[in-house]
Amino acid sequence: MTRLDLADVDVRYGGLLAIAPLSLTVPGGKLLAVTGPSGAGKTTLLWLMAGALEPDRGTVEVDGVPVGGRPEAAARGIVLVPQGNGLAAVLTAYENIVVPLLDGGVPSREADDRARQALEEVGLEEWAGHLVEELSGGQQQRVAVARALAARASVLLADEPTSDLDGRNREVVLHALRAAADRGAVVVLATHDPEAAAAADGELALDAGEATWVRSFA
Ligand SMILES: Nc1ncnc2c1ncn2[C@@H]1O[C@H](COP(=O)(O)OP(=O)(O)OP(=O)(O)O)[C@@H](O)[C@H]1O
Ligand SMILES: [Mg+2]
């Protein structure tokens, strides 16, 4: 089972302490919600976990190995669903999912299967051929989550993946994230949504970069 460890990390943007010294472990199979007001440091923490940002101090490790930079992290299955989804607007939903798989060397037939299955998992199989720019914000969020599912993420970091969703689709996305955890992934979601936080196994609240456990893992 995968495991994510942060040991005494902090992040500064110039004079601003965006993440105050923090240590935590997220075991595979668990879903961690990171909550807190706008500007609290949620995105910063997810970027740190994704290898998209280097800590000023401390270490970020997956299975005891430093995550390294973003390309290395991506190659290890550390997948970030960025805030605002990060999809290519001029590709279809299907292409957004399948192209990175093909790029990563997944054989075309398997890539096709995975992409279709992931779209189905988020209820978008009928939207596969639509351009992302023709989809609603909530549909785009679900495509972004589907892309992470298709990548078979070992660490799935989702930044506010339910912010534009109605209640039913929020359930669909939370269910999909839970399924990824059940397959052994470490799943971390940043959220403003109390119901999404309640669905997680643990909740870490950030306030101006200071983290407190609302609920730690049992
Ligand atoms: N590249 C940057 N350079 C300087 N300061 C930054 C940078 N990125 C973020 N910050 C600052 O760091 C703090 C944390 O930002 P972050 O984006 O992590 O917050 P957040 O909790 O994700 O907020 P939101 O809920 O609005 O997405 C904020 O004060 C922000 O202004
Ligand atoms: Mg953010």
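The values are calculated or read from the model by the stated rules, or taken from the named source; none is laboratory data. Since we're looking at a predicted model, the values are computed, not measured. Cβ coordinates were reconstructed from backbone atoms using ideal geometry, including for glycine residues, and neighbour counts include every protein chain displayed. Note: accessible area is taken over every heavy atom of the protein model, side chains too, but ligands, DNA and RNA are not part of it. Shrake-Rupley method; radii C 1.70, N 1.55, O 1.52, S 1.80 Å.
Quick notes on this one:
- Protein heavy-atom accessible surface, 1.4 Å probe, per residue over segment 3-215: 43 Å².
- Taking 0.36 nm per residue of separation and subtracting the current Cα-Cα distance, fully stretching the chain between R109 and E134 would add 6.4 nm.
- Modelled label positions at D166 and R178, each set 7 Å beyond Cα in the direction of Cβ, lie 2.1 nm from each other.
- If you take all other residues with their beta carbon under 10 Å from the beta carbon of S216, and give Lys and Arg +1 and Asp and Glu -1, the sum is -1.
- Computed accessible area, L80, all protein chains, 1.4 angstrom probe, square angstrom: 40
- Where both bridge residues fall in the chain, DSSP classifies roughly 55% of the beta bridges as antiparallel.
- Amide H within-cut-off set for V214, under 5 Å, with H built and near neighbours excluded: E203, L204, A205
- Ordering A153, A199, V186 by Cα displacement along the dipole of segment 137-218 toward the positive end leaves A153 in first place; charges were set at the Cβ atoms of Lys, Arg (+1) and Asp, Glu (-1).
- For the chain: relative contact order, % (alpha-carbon pairs under 8 angstrom, 6 or more apart): 31
- Carbon + sulfur, % of accessible area of segment 3-215 - ligands and nucleic acids excluded, 1.4 Å: 51
- The 3J(HN,Hα) values that the Karplus relation (6.51, -1.76, 1.60; θ = phi - 60°) gives for segment 141-149 are, in residue order, 4, 5, 5, 4, 5, 4, 4, 5, 5 Hz. Gly and Pro appear as x.
- Model label sites at L102 and E72, defined 7 Å from Cα along the beta-carbon direction, differ in position by 3.0 nm.
- A simple rule links phi to the HN-Hα coupling: the Karplus curve 6.51 cos²θ - 1.76 cosθ + 1.60 with θ = phi - 60°, which for segment 32-43 gives 9, 9, 10, 10, x, x, 3, x, 6, x, 4, 5 Hz, with x for Gly and Pro.
- Residue among V99, V79, V143 with the largest mean-square fluctuation in a Gaussian network model of the chain, springs linking Cα atoms under 10 Å: V99
- Helix content alone sets the calculated 222 nm mean residue ellipticity of the chain: runs of n ≥ 4 DSSP H residues at -39500 (n - 2.57) each, divided across all residues, give -10500 deg cm²/dmol.
- Estimated FRET transfer efficiency when R0 is 22 angstrom, pair E210-A7 (beta carbons, to 0.05): 0.80
- Toward the positive end of the charge dipole of segment 3-215, with +1 on the Cβ of Lys and Arg and -1 on the Cβ of Asp and Glu, the farthest Cα among G15, L101, V122 is that of L101.
- Taking A144, A88, A18 as the candidate residues, the one with maximal mean-square fluctuation in a Gaussian network model of the chain, Cα springs under 10 Å, is A88.
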